Amino acid sequence: MMIWMNGKLVDAQAATVSVFDHGLLYGDGVFEGIRVYSGRIFKSREHVTRLFDSARVIRLTIPYTPEQITEAMEQTIAANAIDDGYIRLVVTRGAGTLGISPAKCSHPATFIIADQIALYPPELYANGMHVIIASTMRCHPNTLSPRVKSLNYLNNIMAKLEAIDAGAPEAIMLNTEGMVSEATGDNIFIVRHGRLITPPVSAGVLEGITRQCVIDLAGEARVEPVEQNLTRYDLYTADECFLTGTAAEVIAVTRIDGRQIGDGKPGPITQRLTAAFHELVRREA
Ligand code: PMP
């Protein structure tokens, strides 16, 4: 496997970062997870823009232009002959001293991995999945904004551990106000009385690129999209529920904290949106 590392394609064994890298020591850095469909990078511009926005918020200067990053991703998928796969694009603060100050980190480390994608098993797509609502809350936007896709995922990992303990593949996190935010690695939607509802970005969610695709496709699925705060009650009484994310795409949720959602199968609007999303992917590829 070839890794794009600080401007060069190198063998995976040679793609190393320093033990003094603040990405490793403190989770100080930003990243993107991006799909490749039929050899084309899906929503490349949106991902690169989000990477640069995340970097701007944490005052990390990426030592490449968005065009250079895009070109580097193209080179990495070509070098690894990836047709359908996944790109991990990472920029760390770079090697510094043992203190948290980024001031001594002179050079960010930038690397790109292009690999196969590990999906949820097919039966979860066919039947829907069971999720729990975690007791771990999503970070308040005035701590580290959930809009920053940073290398520090511990908040989400704490919730994911609760899911694993409960035997569920995913956990939903509430914000500090008790409103629904998102899953640990996906955004959430519900369908209720014919409306497609997802929490607003102000509820403390990553502005998911798949989330935006689904909002844009709502018209095709003959449903009105609404960004509105949701409570636990809204999830439990939803007619349909699904998650969206680059890796997961669109996946139905059919049980939340032991309550069956709708008739316990992926709902009709979820199915229409899943089909519309796959059609969009085909069109763009
Ligand atoms: N929320 C979180 C916390 C995520 O990490 C991700 C991405 N894995 C998403 C939502 C979904 O975002 P996207 O559709 O851009 O992949």
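The values are calculated or read from the model by the stated rules, or taken from the named source; none is laboratory data. Given the structure is predicted, the values throughout are model-derived calculations rather than measurements. So basically every Cβ, Gly included, is an ideal-geometry build from the backbone, and we count neighbours across all protein chains shown. The protein model used for the area step is the full one, side chains on, heavy atoms only, and it has no ligands, DNA or RNA in it. Shrake-Rupley method; radii C 1.70, N 1.55, O 1.52, S 1.80 Å.
Observations on the model:
- Amide hydrogen proximity for S181: with H placed 1.01 Å from N in the peptide plane, the residues at 5 or more positions away or on another chain lying under 5 Å are M173, L174, N175.
- All lysines inside 29 Å of K43 as judged from Cα atoms, apart from same-chain residues fewer than 8 positions distant: K8, K149, K160
- Distance between the C-alpha centres of the range 60-131 and the range 1-59: 3 Å, rounded to the whole angstrom.
- Extent along principal axes [Cα atoms of the chain; Å; largest to smallest]: 54, 40, 31
- Backbone phi angles across the range 193-205, fed through the Karplus curve with coefficients 6.51, -1.76 and 1.60 (θ = phi - 60°), yield HN-Hα couplings of 6, x, 10, 9, 10, 9, x, x, 4, 5, 6, x, 10 Hz in residue order; Gly and Pro are listed as x.
- Per-residue 3J(HN,Hα) values for the range 268-285, derived from phi via the Karplus relation 6.51 cos²θ - 1.76 cosθ + 1.60 with θ = phi - 60°, read x, 6, 4, 5, 5, 5, 4, 5, 5, 5, 5, 5, 4, 4, 4, 4, 6, 7 Hz in sequence order (x marks Gly and Pro).
- Model label points for R232 and S101, set 7 angstrom from Cα along the Cα-to-Cβ axis, are 4.5 nm apart.
- Between R56 and S18, full extension at 0.36 nm per residue minus the direct alpha carbon distance yields a gain of 11.4 nm.
- Rounded accessible area per residue of the range 33-154, 1.4 Å, Å²: 51 Å²
- In this label model, T49 and A81 are separated by 3.5 nm, measuring between points 7 Å along each Cα→Cβ vector.
- Degrees separating the helix 66-79 axis from the principal Cα axis of the chain, which is the longest one: 90 degrees
- Accessible surface for the range 233-285, divided over its residues, is 42 Å² per residue with a 1.4 Å probe.
- Carbon plus sulfur fraction of accessible area for the range 120-192, probe 1.4 Å, in percent: 60 percent
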